[in-house]
1. I want to verify a result. In a Gaussian network model of the chain, Cα cutoff 10 Å, which of these has the top mean-square fluctuation: Leu140, Leu242, Leu183?
2. With unit charges on the beta carbons (Lys and Arg positive, Asp and Glu negative) and the dipole taken about the Cα centre of the chain, which residue among Val73, Gly54, Gly257 sits farthest to the positive side?
3. Which loop-located trypsin sites (Lys or Arg not before Pro) does segment 145-215 contain, where loop means any DSSP state but H, G, I, E or B and the Cβ has at most 16 other Cβ atoms within 10 Å?
4. Would you mind checking Lys209/Lys240; Lys32/Lys224; Lys4/Lys32 for any pair whose Cα atoms are more than 22 angstrom apart?
5. Taking a ≥ b ≥ c as the square roots of the eigenvalues of the Cα gyration tensor of segment 141-197, is the shape rounded (a/c under 1.5), prolate (a/b larger than b/c) or oblate?
6. Determine the relative contact order of segment 7-235: mean sequence separation of Cα pairs under 8 Å and six or more apart, normalised by residue count, in whole percent.
7. Gap in Å between the Cα centre of segment 76-101 and the Cα centre of segment 27-50?
8. Based on the alpha-carbon gyration tensor of segment 104-145 and its eigenvalue square roots a ≥ b ≥ c, which shape applies: rounded if a/c is under 1.5, prolate if not and a/b is larger than b/c, or oblate?
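Read-outs: derived from the displayed coordinates by stated rules, not from any lab. Since we're looking at a predicted model, the values are computed, not measured. Heads up, the Cβs are rebuilt from the backbone with ideal geometry, glycines too, and the neighbour counts pull from every protein chain shown.
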Amino acid sequence: MIKKVTVKTIQNYKDNGEKFSVLTAYDYSTAKYIDEAGVDIVLIGDSLAMVALGYETTHSIDVDEMEIFTKAVARGVERAMVVTDMPFLSYHTDIKSAVENCGNMIRYGATAVKIEGYSSYILSVIERLVESGIPVMGHLGFTPQFLNTLGGYRIQGKTQEATDEILSQAKKLEKAGVFSIVLEMVPEDSAKYITENLKVPTIACGAGKYCDAQVLVSDDVFGKYSDFKPKFARKYGDMKSLILDCAKRFNDDVKNGNFPSKEEVF
Ligand code: KIV
């Protein structure tokens, strides 16, 4: 019987000083292999709008589409915690629709949801979700859904004052009931200070090695997405070359009459 990763497992990691890992996945097979590799949380990130659907920003994906990807990923995962990143405007208009949209992700196989921001409205959404039995991962620092109000892809928390501000936002999220917080594009020393002053684990997305966990977009890790590579991402493979090579060889074989062989026909 596989022991599933739960919010308790995640908190125990922090309390015992053990690091944990988070990778994004958007389809059944990738989710299955990431889970098999022992990654602790599989995140259906809204980054999928860019890396899997080819949009320019994460704003272009809606809640109906996220439901499809959540179902696919959840079917592939046995051990990891499955977290759905709630897309732009799926929790912003009112608490009732926020609970319905997030609750549907749990119905479709997620264990938790991730939401960006820290406003008093967002805090009340988090409280209501947690009251409804929906665990919430917070997201502070650079928050891609606020790209246009932040004025671009900018590092957040560069001064002590800005770091204190993120820590104060994080403490409010913690009080509202989040089980973890993603810190995106925050300098390493600032993220260390924030991490040391929180009870819940922090998950670095370009926030250095002192956070309790690390998250990356799997298409960056596998070398599949090639439009750009964030400075903080590490490429462990070259799926782009692998796909190009396989597709070229198939194309050649078909055109040269080398596919199918006699073993590949009925
Ligand atoms: O959308 C995403 O993939 C994310 C993570 C990288 C944190 O939000």
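1. Checking each option, the largest mean-square fluctuation is seen for Leu242.
2. The listed residue farthest towards the positive side: Val73.
3. Numbers: sites: Arg154, Lys158, Lys171, Lys172, Lys175, Lys192, Lys199, Lys209; in loops: Arg154, Lys158, Lys199, Lys209.
Listed in order of number, the matching sites are Arg154, Lys158, Lys199, Lys209.
4. Details: Lys209/Lys240 28 Å; Lys32/Lys224 17 Å; Lys4/Lys32 14 Å.
Distance filter (> 22 Å) returns Lys209/Lys240.
5. Working: a/c = 1.95, a/b = 1.26, b/c = 1.55.
It comes out oblate by the Cα gyration axes.
6. Relative contact order here is 18 percent.
7. 16 Å
8. Working: a/c = 2.75, a/b = 1.43, b/c = 1.93.
Here segment 104-145 falls in the oblate category.
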